[in-house]
1. Show me the ranking of peptides 102-108, 53-59 by mean Cβ neighbours inside 10 Å, starting with the highest.
2. How much of the pair distance distribution for the stretch 1-151 lies past 21 Å, counting alpha-carbon pairs only, in percent?
3. Provide the percentage of antiparallel DSSP beta bridges, counting only those with both residues in the stretch 63-221; round to the nearest 5.
4. Using a cut-off of 15 Å between alpha-carbon atoms, which aspartates and glutamates can reach LYS265, once sequence neighbours fewer than 8 places away in the same chain are excluded?
5. Could you size up the charge dipole of the chain around its Cα centre, putting +1 on the beta carbon of Lys and Arg and -1 on that of Asp and Glu, and report it in debye to the nearest 20?
6. When the helix-only estimate is applied to the chain (DSSP H runs of n ≥ 4, each -39,500 (n - 2.57), divided by the residue count), what is the mean residue ellipticity at 222 nm, nearest 500 deg cm²/dmol?
7. Quick one, which of (1) 98, 41, 33; (2) 61, 49, 34; (3) 52, 44, 37 is the actual Cα extents along the principal axes in Å calculated for this model?
8. Which order do the peptides 123-129, 156-162 take when ranked by the mean count of other beta-carbon atoms within 10 Å per residue, highest first?
Amino acid sequence: AAIQLSVKIGDTAANTKNCSRLAMERVSQGAKWIALPEFFNTGMAWDPTLVCAFEDENGPSASFLKSFSKTHHVFIGGSFLCRLQNGSIRNRYMGYVNGKLLGIHDKDLPSFWENAFYEGGDDGDRGLLGNENGMRVGAAVCWEFMRTQTARRLRGQVDLIMGGSCWWSTPDNWPKWLTKHDEKKNIENMIGCIRDTARLVGAPIVHASHCGHVVCPNLGLPFIYHGRFEGNAIIVDAEGNILASRRREEGEGVIVADLLPTSIKSEDEIPDGFWLRSPGGILPWFAWYYQGWLGRKWYRRFVKPRSVETK
């Protein structure tokens, strides 16, 4: 099962409560594998108050995952902004099964304004969570699915990929002639990169997501961002065929599919370049570089050096 959450930015208590409610809808019907979105407890926007929502591995969000999995005898996983003992922040995916930690994965690279809140994972992190009853489980989140290195590190290594995204739209309050092409490409990429990764790795993917409107300042620009989270929770088989999906227009909910969690040998070549799919036109390229540069500066100045007590 994959959750599509109408997220409340920065509200950990409300978001975890809603994740629990949505997951229970399908657990009560027999679902055993539950995917929560990336940043399932907070969502993501250019909102500096998100620094107040950082947690450690024993905080409320990890405790929720552990408790839910133990109570209902399921696997459940999602990512959140996690402060490590050295003071750095990671976008950490944690997967629990039957109350025990199966494994963790830190997202390889932040996307856009995410750079202000965390740094990428270690080079040795291959996204392998662990083995559950003989099944090799991996994890990937959001724009990791857009990059060839994700397919390379998981290919032949996993029988199932659990993941999620917090994928936002192009601005709704910009002229349509400027954003129409890139928004169309944005949605195509979101669905296509998950299908492509499944096909290239040879393993099914259970992918959760966020939906709903988001309004926030625009990092480095003097106007407000008005947009949406793109939805598109999706479950695909090892050949990239869609078994279940939920468009953003359908709002919050849960998708399910009967899935055989086993890998197949992929004969398709993984592209040589950095990107599995091109991000699109000038807007995403511009935002990728300028928000990345500004975000990293902000992170170094305001986030990593802070000596604050985590929740």
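Read-outs: derived from the displayed coordinates by stated rules, not from any lab. Please read all numbers here as calculations on a predicted model, not as lab measurements. Ideal geometry is used to build each Cβ from the backbone, glycine not excepted, and the neighbour counts take in all protein chains shown.
1. Descending packing order for the listed peptides: 102-108, 53-59.
2. Details: 4597 of 11325 pairs.
The proportion of pairs with Cα distances above 21 Å equals 41 percent.
3. 70 percent
4. ASP159, ASP196, ASP237, GLU239
5. 500 debye
6. Numbers: 5 runs with 79 residues, N = 311.
So the helix-based figure for the chain works out to -8500 deg cm²/dmol.
7. (3)
8. Ranking, from highest mean packing down: 156-162, 123-129.
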